[in-house]
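Participant: What follows is a single structure, and I will ask about it in a moment.
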Amino acid sequence: MKLPAHFYQPLAIGAPAPIRELPVRLERMIHFVPPHIEKMRAKVPDLVARVDVILGNLEDAIPADAKEAARAGFIEMAEANEFGNTGLWTRINCLNSPWALDDVTQTVAAIGNKLDVIMLPKVEGVWDIHYLDQLLAQLEARHNVAKPILIHAILETAQGVKNVDEIASASPRMHGMSLGPADLAASRGMKTTRVGGGHPFYGVLADPSDVDPSEARGFYQQDLWHYTVARMVDACASNGIKAFYGPFGDFSDLDACRAQFRNAFLQGCLGAWSLHPTQIDIAKEVFSPDAGEVDFAKRILEAMPDGTGAVLIDGKMQDDATWKQAKVIVDLAKLVAGKDPDRAAAYGF
Ligand code: GLV
Ligand code: MG
């Protein structure tokens, strides 16, 4: 096992020092762009102003014969635009594919100083993170990259879920994790054909009525992803990294997308993927705290200036623990307000 004293040492001579704390950034949605399509690349300047993170997708959904074009298109769109405080990420192909090595070496060589995060799919265990960590350090040194490129793992295999805690603590380069429900469903042998969301057959049947056994029994659909999101959030939060819900594939069902995103937000996730422009606004709405909640949270902080003791607000008991919950909401609201003047006004900042 690596000694704690070595954890924050650069993995290559000349590589930038690993970070000790993640940069504070708003990442309510990670917006996927297929970079081999010129029409899509042309939308990037507008997207920079609209989204929190732009991701050039090189992996699934890019046809095998367009992989090189997607990589070249991503480099082109990164070179052609200024991203300001909007994050620039890429999702590379998985490590056992024929494209992964060139995805990493070519993007870091060309745009290593612009790239914030590499999303690594199908992470099974720490060995995947350690490999990419070492390779990135070598490439950063070779190409004079000034700040470490972070790694974001997709949690989308049964083995990855089993190893989620070790993955979260594998390296100071870890930015966070996204739940990948489509690959995870396949890996687990789940009997579904969807990209995220619920399933009408997964639920709980109410007991028969004692009074009238012939009365129709309620059936209550449950969240298929509750367990995995909870495990991921615990692994991430306990290691100081960020948790995200991934894709929602039914673009025609905005309400179901909103419900899935909201469950993830309430459970501790900071954002989700947007695969379609309509999902950008849903993510903004869901992953920005509700103005009423912010108002109440501000009242808690004001009523308990040093965060200790107990007070009643509107008949509800507040103590150190609710003070900490309130602080999470107010800190996030401040971050949102810095980027979003309408919400800043609604929050009263
Ligand atoms: C995302 O990559 C997924 O498999 O859901
Ligand atoms: Mg996947």
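Participant: Just name the residue that is surrounded by the most Cβ atoms within 10 Å (Cβ to Cβ) out of those in the stretch 109-129 that are farther than 18 Å from residue 81 by Cβ and more than 16 Å from ligand 1 (Cβ to nearest atom).
Facilitator: Here the answer is 129.
Participant: I'd like to check something: does the stretch 33-42 contain any residue that is in the same structural domain as residue 245 (by TED's automatic domain parsing), within 16 Å of ligand 1 (Cβ to nearest atom), of a type outside the set (S, T, N, Q) and touching a Gly at 6+ places or on another chain (Cβ under 7 Å)?
Facilitator: So the first thing to find is which residues in the stretch 33-42 are in the same structural domain as residue 245 (by TED's automatic domain parsing), and the list is 33-42.
Remaining after also requiring within 16 Å of ligand 1 (Cβ to nearest atom): 33-34.
Narrowing the set further to residues that are of a type outside the set (S, T, N, Q) leaves 33-34.
Narrowing further to those that are touching a Gly at 6+ places or on another chain (Cβ under 7 Å): 33.
So far as the stretch 33-42 goes, yes, one or more of its residues are in the same structural domain as residue 245 (by TED's automatic domain parsing), within 16 Å of ligand 1 (Cβ to nearest atom), of a type outside the set (S, T, N, Q) and touching a Gly at 6+ places or on another chain (Cβ under 7 Å).
Participant: In addition: Name every residue in the stretch 61-77 that is open to solvent by less than 30 Å² (accessible area, probe 1.4 Å) and more than 16 Å from residue 101 (Cβ to Cβ), in order of residue number.
Facilitator: Listed by number, the residues that qualify are 62, 66, 73, 77.
Participant: On to the next question. Output the number of the condition that residue 57 fails; it satisfies all remaining conditions of (1) touching a residue at least 40 places away in the same chain (Cβ under 8 Å); (2) under 22 Å from residue 131 (Cβ atoms).
Facilitator: Failing condition for residue 57: (1).
Participant: Scan (1) more than 14 Å from ligand 2 (Cβ to nearest atom); (2) of a type in the set (S, T, N, Q); (3) touching a strand residue (DSSP E or B) at 6+ places or on another chain (Cβ under 6 Å) for the single condition residue 178 breaks and write down its number.
Facilitator: Looking at each condition in turn, residue 178 falls short on (1).
Participant: Do we have residue 299 as in contact with a strand residue (DSSP E or B) (Cβ under 8 Å, 6 or more places away or on another chain) and not assigned by TED's automatic domain parsing to the domain that holds residue 177 here?
Facilitator: yes
Participant: Looking at the stretch 184-214 only, could you name the residues that are part of a helix (DSSP H, G or I), surrounded by fewer than 21 Cβ atoms within 10 Å (Cβ to Cβ) and not polar (S, T, N, Q)?
Facilitator: Within the stretch 184-214, 185, 186, 188 meet the criteria.
Participant: Can you tell me which residue is surrounded by the most Cβ atoms within 10 Å (Cβ to Cβ) among those in the stretch 287-299 that are closer than 21 Å to residue 323 by Cβ and among the small types (Gly, Ala, Ser)?
Facilitator: Checking each candidate, the answer is 297.
Participant: Cβ contacts < 6 Å: first residue closer than 22 Å to residue 23 by Cα, restricted to the stretch 164-190; second residue part of a strand (DSSP E or B) and near ligand 2 (Cβ under 9 Å from one of its atoms), any location; separation 6+ or different chain. Result?
Facilitator: 178/154
Participant: Can you find a residue that is touching a residue at least 60 places away in the same chain (Cβ under 8 Å) and not basic (Lys, Arg) anywhere in the stretch 32-46?
Facilitator: Yes, the stretch 32-46 has at least one match.
Participant: Which residues, counting only those in the stretch 1-60, are small (Gly, Ala, Ser) and either buried (at least 16 other Cβ atoms within 10 Å of the Cβ) or part of a loop (DSSP other than H, G, I, E, B) (or both)?
Facilitator: Step one: list which residues in the stretch 1-60 are small (Gly, Ala, Ser), which gives 5, 12, 14-15, 17, 42, 49, 56.
Answer for the stretch 1-60, where residues must be small (Gly, Ala, Ser) and either buried (at least 16 other Cβ atoms within 10 Å of the Cβ) or part of a loop (DSSP other than H, G, I, E, B) (or both): 12, 14, 15, 17, 42, 56.
Participant: State whether one or more residues within the stretch 227-234 are more than 30 Å from residue 2 (Cβ to Cβ), away from ligand 2 (no atom under 16 Å from the Cβ) and not small (Gly, Ala, Ser). Write out each step before concluding.
Facilitator: Kept after step one, since they are more than 30 Å from residue 2 (Cβ to Cβ), are these residues of the stretch 227-234: 227.
Next, from what is left, pick out any that are away from ligand 2 (no atom under 16 Å from the Cβ): 227.
Those still in the list that are not small (Gly, Ala, Ser) too: 227.
Yes, the stretch 227-234 contains at least one residue that is more than 30 Å from residue 2 (Cβ to Cβ), away from ligand 2 (no atom under 16 Å from the Cβ) and not small (Gly, Ala, Ser).
Participant: May I ask you to say which residue of 85, 93 is surrounded by 22 or more Cβ atoms within 10 Å (Cβ to Cβ) and not β-branched (Val, Ile, Thr)?
Facilitator: The conditions single out 93.
Participant: What are the residues in the stretch 251-286 that are under 18 Å from residue 61 (Cα atoms), open to solvent by 10 Å² or more (accessible area, probe 1.4 Å) and more than 16 Å from ligand 2 (Cβ to nearest atom), if any?
Facilitator: 251, 276, 277
Participant: Just checking, how many residues over the stretch 300-349 are over 26 Å from the mean Cα position of the chain (by Cα), in a helix (DSSP H, G or I) and either among the basic types (Lys, Arg) or surrounded by 12 or more Cβ atoms within 10 Å (Cβ to Cβ) (or both)?
Facilitator: So the answer is 4.
Participant: Would the stretch 237-247 turn up any residue that is within 15 Å of ligand 1 (Cβ to nearest atom) and surrounded by fewer than 20 Cβ atoms within 10 Å (Cβ to Cβ)?
Facilitator: no
The values are calculated or read from the model by the stated rules, or taken from the named source; none is laboratory data. These numbers were taken from a predicted model, which means no experiment stands behind them. Glycine also receives a Cβ, built like all others from the backbone with ideal geometry; neighbour counts cover every protein chain displayed. The accessibility values were calculated without ligands, DNA or RNA, using every heavy atom of the protein model including side chains. Shrake-Rupley method; radii C 1.70, N 1.55, O 1.52, S 1.80 Å.
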